[in-house]
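Every read-out reported here was derived from the displayed coordinates using simple, explicitly stated rules and does not represent laboratory data. As the structure is a computational prediction, the values presented were derived from the model and not from experiment. Using ideal geometry, Cβ is built from the backbone for each residue, glycine included, and neighbour counts are taken over all protein chains shown.
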Protein chains: 2
Amino acid sequence: MVNKHIGKQTVRLSSPPQIAAYAAVGGKMESEGPLAACFDYLSADSYFGAKSWESAESEMLKKCFDLALSKAGIEASDLNYVFSGDLLNQCVGSEYALRDSGVPAFGLFGACSTMAESLSLAAMTMDGGYAERVCAMTSSHFCSAERQFRMPLAYGSQRTPTAQWTATAAGALILDCGESGPFVTHITTGKIIDAGIKDAANMGAAMAPAALETILTHLSDTGREPNYYDLIVTGDLGCVGHDILLDLALQSGWDLTAVSGDCGMMIYDREKQDVHAGGSGCGCSASVLAGYLLPKFKTGELKRLLFCATGALMSPTTSMQGESILGICHAVAIEADRNVTGGC
Amino acid sequence: MVNKHIGKQTVRLSSPPQIAAYAAVGGKMESEGPLAACFDYLSADSYFGAKSWESAESEMLKKCFDLALSKAGIEASDLNYVFSGDLLNQCVGSEYALRDSGVPAFGLFGACSTMAESLSLAAMTMDGGYAERVCAMTSSHFCSAERQFRMPLAYGSQRTPTAQWTATAAGALILDCGESGPFVTHITTGKIIDAGIKDAANMGAAMAPAALETILTHLSDTGREPNYYDLIVTGDLGCVGHDILLDLALQSGWDLTAVSGDCGMMIYDREKQDVHAGGSGCGCSASVLAGYLLPKFKTGELKRLLFCATGALMSPTTSMQGESILGICHAVAIEADRNVTGGC
């Protein structure tokens, strides 16, 4: 048995799987943002043809799943596994999206870190010889999230400047054993970090320390410098959380300014769109990865990406009970070259 | 790369990990049931010293996690990963239980199938060379579940005869590379099955078709007959769902009567305890596995167990919207002999 663990929390895949295809779906707000052209499908109808916000999220994710399969030129029955989760209570967004798929399914909950969590586990099942083709995906929907986590939309509640806008978006990635890349090469799995933040309208502050911990651990475990990567992208700290990340990194002796970005700051135009600190929700980092970042490997603009999805672990109940909001961040290294001899 | 996939949905591990230690924790109702002596810890205080039902569930799971570590003779820092999930919105039971653990954490949601889901992924990360020691665990709490899924307890709502009693219980398993066993040898990952059931007080009926699908697929994929196993145990169909499973199996040409059991029918005495169709909740099958079934490998009473945890995928919101309740079942073969030459 080859031990693939390096350092404290990182594994180096011995047979890095290829990200063969990817799809991104968004809603109206996303269609008005700077990445509009990057989505495979944009719906002007926030209901995606369904009768409730929750069903809308499932329809949106199903659309994204179908598009990813189509772009990969495969059927659902060609998949060994699908790894999916979302923000809704009991992850119903994913479950009803997969109701008719017939694919063996692992349900995940990692809040907004879900895209990196699903990609981590999907890549490990490929590399470990358990699968030949898998899908990793996730979604979020502004309307289903608002009424579940905060207030019914019709109340018109005011939002604080630190609040983020839950993206109505989904992203789906298909992994296989192909040779073209990009490849998932390393996985750094995050710990739960309690920074003591209790303001549910300031998720960025709750997640930034977790992002720092995972990024620094990844660099330490792999022996890489930050500039090994073309981009270290968090998702989704927003501008408040991202500033905190850069400050905390400087205090730890690392200047990440030049190399770092945040999916929550990319998906919307904060000058023109009323999103306060930026985007959030599982679907934000998922759609930015699938729609904006992964295509840059095709054009050669990106060769080495560290994708660090961050999650705020809490529920409205725990917040009302005065609990602090826990943070987590999982990092996945995606590279044009797999740097090993054998494919999967 | 060795392809470990056999048949449609099953993997055969090439380096089966050992289940090195396990712990079960329960509450008052569990202390009055037939398996009381099997729990490592029973609390007469349903709050487990906490101030809310949700915190109580986290405290209970943390107690179980600590007990499993202690029985394995290791510290949390010796674990590469923990796989955990629960029934609470956003899986807060698990997250706050792991707040101070410092262990890289994968959050799961599989409803009452979570123990098999976490054990599946934990075993794959061991077998794949990603870890040397991992923990798979889950919990449920009657009081946190009742008020979240049904009614506040103080309402004293009546329950229907098909309703099940959510166990206040947790189970945690530690996997490592030891030679003593029992070992996780095969994993059959379930598909989502929509049987069209809409009665949220009849989860057994919603899950039984998923259990059948996974069990028959496992037998077909492995070429095994039901009596290869000493026990094929579902968790938790209750007596209503288990009867449906046996009926459906007979219709498919299989008589599972002699070899099958159900964790939801084991944990309580339905004659003396007012639990209607039996136990349920992630913690039911987890604690029955950790407290009652796994010790039987030590005594030689069990040599081959197929552990088939079943989950009802829905939320109160989707049920109120008229959606059917989706079922899923993941199966894990646990055997005294690992039937391969190499250990992990």
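In whole angstrom, the protein assembly as shown maps to an equivalent ellipsoid with semi-axes of 36, 28, 24, each derived as √(5λ) from the alpha carbon gyration tensor and ordered largest first. Near B:Gly264, once Lys and Arg are set to +1 and Asp and Glu to -1 for all other residues with Cβ below 11 Å from its Cβ, the sum equals -1. The trypsin sites (Lys or Arg not before Pro) of the stretch A:240-323 that meet both conditions, a loop assignment by DSSP and at most 16 other Cβ atoms within 10 Å of the site Cβ, are A:Lys272, A:Lys303. Couplings for the stretch A:13-20, taken from phi via the Karplus curve 6.51 cos²θ - 1.76 cosθ + 1.60 with θ = phi - 60°, read 6, 7, 10, x, x, 8, 8, 7 Hz in order; Gly and Pro are left as x. When you filter the GluC sites (Glu not before Pro) in the stretch A:277-344 for DSSP loop state and at most 16 other Cβ atoms inside 10 Å of their Cβ, you are left with A:Glu301.
Amide H contacts of A:Ile197: A:Ile325, each under 5 Å away and 5 or more positions distant or on a separate chain (H built 1.01 Å from N in the peptide plane; Pro and chain starts excluded). Note on A:Lys8/A:Glu271: beta-carbon distance plugged into 1/(1 + (r/R0)^6) with R0 of 30 Å gives a FRET efficiency of 0.15. The Cα atoms of the stretch A:26-86 define a convex hull whose projected area, averaged across directions, is 4.9 nm².
Across chain A, Cα pairs under 8 Å and at least six residues apart give a relative contact order of 26 percent. Considering helices alone, the calculated mean residue ellipticity of chain B at 222 nm is -9000 deg cm²/dmol, with DSSP H runs of length four and up weighted by -39500 (n - 2.57) and normalised per residue.
Among the residues of B:179-191, the average count of other protein chain beta-carbon atoms within 10 Å of the residue beta-carbon is 2.
The amide H of A:Thr166, built 1.01 Å from its N in the peptide plane, has A:Ser280 as neighbours under 5 Å, considering only residues 5 or more places off or on other chains. Taking amide H as placed 1.01 Å from N in the peptide plane, the amide H of B:Tyr41 sits under 5 Å from that of B:Ala24, B:Gly26, each at least 5 places away or on another chain.
Taking every full run of DSSP H in chain B, the ones that stretch at least 18 Å from end to end by Cα along their long axis and average 0.5 or higher on the Kyte-Doolittle scale are B:114-127, B:203-222, B:238-251. Remark: mean inter-chain Cβ contacts per residue of B:3-11 equal 4, using a 10 Å Cβ-Cβ cutoff to other protein chain atoms.
Rounded to the nearest Hz, the phi-derived 3J(HN,Hα) couplings of the stretch B:271-277 under the Karplus curve 6.51 cos²θ - 1.76 cosθ + 1.60 (θ = phi - 60°) are 6, 9, 10, 7, 10, 6, 6, where x marks glycine and proline.
Rg/Rh for the stretch A:5-176 stands at 0.99; both radii use Cα atoms, and Rh follows the Kirkwood definition.
Translational diffusion of chain A, estimated by Stokes-Einstein from the Kirkwood radius over alpha carbon pairs at 37 °C in a medium of 0.692 mPa s, is 169 µm² per second.
Within the protein assembly as shown, DSSP assigns beta bridges of which about 65% are antiparallel (rounded to the nearest 5). Across the alpha-carbon set of the stretch A:94-179, the Rg to Rh ratio works out to 1.09, Rh being the Kirkwood radius. Convex hull volume of the Cα atoms of the stretch A:183-335, normalised per residue: 108 Å³.
In this entry, the stretch B:181-243 is assigned a mean projected area of 5.2 nm², taken as a quarter of its C-alpha convex hull surface.
The mean count of C-beta atoms from other chains within 10 Å of the C-beta of residues in A:94-104, rounded to a whole number, is 6. Under a model in which nothing but the beta-carbon of Lys, Arg (+1) and Asp, Glu (-1) is charged, the protein assembly as shown shows a dipole of about 220 debye around its Cα centre. Note that the stretch B:302-307 has calculated 3J(HN,Hα) couplings of 10, 10, 9, 10, 9, 9 Hz, one per residue in order, obtained from phi through the Karplus relation 6.51 cos²θ - 1.76 cosθ + 1.60 (θ = phi - 60°); glycine and proline are x. Look at where the Cα atoms of the stretch A:93-156 and of the stretch B:7-22 average out, and the two centres are 25 Å apart.
Report, in listed order, any pair from A:Lys71/B:Lys191; A:Lys51/B:Lys8; A:Lys4/B:Lys296; A:Lys28/B:Lys198; A:Lys4/B:Lys303 with a Cα-Cα distance greater than 25 Å. With Cα atoms farther than 25 Å apart: A:Lys51/B:Lys8; A:Lys4/B:Lys296; A:Lys28/B:Lys198; A:Lys4/B:Lys303.
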